[in-house]
Amino acid sequence: MSPNAEAYRALLLDHAAGASSPARQLLVETHLRLRPSARDLADALDVAGGALLERLEPEPVAARLHGAESARAPSGAPVDALRDARALVEAALHSPGHLNWRWRAPAMREVRLPAPGATLLRLAGGRAAPKHGHAGEEVTLVLRGAYADETGRYAPGDIAFADAELDHSPYVPDGEECVCLVVTDGALRFHSLLARVANRWLA
Ligand code: ZN
């Protein structure tokens, strides 16, 4: 199994177990809408996840379920935040021009979502986004358009994974643009001076 396939299965398995952060929950939900064929794997992992939980001792199961529940909705606020984030993703899918995009780095604009670690990125065509590394794992779901980087080409519904091992500079073909939902566990580390300065202002 390639590292990407492994990361993908882990993402779906966490989702099935209810152990995903709200940001990852949003990303997987949107992925399954854009790529209905992925539901079969998601359903199989759901069954596997359920079987795994049943085999654990009763007490840890209760503790685990309680932990997952409180991570998802410790109070009413995160539920509202997730609903707002869903609405922004919906707008990015259908009418990205209506969103209030802010300059993030050269050739890159963003709308931060009210789910920690989740952001919408809009990459301009014909230019590479600034080369950057990652402090944690970065999961990218393409919503519109397509981009390519050192690891491959990604189209709507595709998920790409990047971690501390990967430095990349996503590139969008000339005349197109790409809109993505990106979930990061740590800050991006830009390499160019301009992008690094922007990173300090906007962090
Ligand atoms: Zn990246």
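Each value in this text was obtained by applying a stated rule to the coordinates, not by laboratory testing. Since the model is a prediction, treat every value here as computed from it, not as a measurement. Cβ placement follows ideal geometry from the backbone for every residue including glycine, while neighbour counts extend to all protein chains displayed.
Taking 17 Å as the cut-off, the amide N atoms of the range 11-29 that come nearer than this to a point 7 Å along the Cα-to-beta-carbon line of D46 belong to 11-20, 25-29. In order along the range 121-132, phi translates into HN-Hα couplings of 10, 10, 9, 6, x, x, 9, 7, 5, x, 5, 8 Hz, rounded to whole numbers, per the Karplus curve 6.51 cos²θ - 1.76 cosθ + 1.60 with θ = phi - 60° and x for Gly and Pro. Pop a pseudo-label 7 angstrom from the Cα along the beta-carbon direction at both S37 and A164 and give the gap in nm to one decimal. With each label point 7 Å from Cα toward Cβ, the separation is 3.6 nm.
Relative to the current alpha-carbon distance between E29 and R9, full extension at 0.36 nm per residue lengthens the span by 5.8 nm. Backbone amide hydrogens, once placed in the peptide plane, bring R153 within less than 5 Å of nothing, excluding anything fewer than 5 places away on its chain. Peptide packing: for 79-87, 131-139, the average count of neighbouring Cβ atoms within 10 Å per residue gives the ranking 131-139, 79-87, highest mean first.
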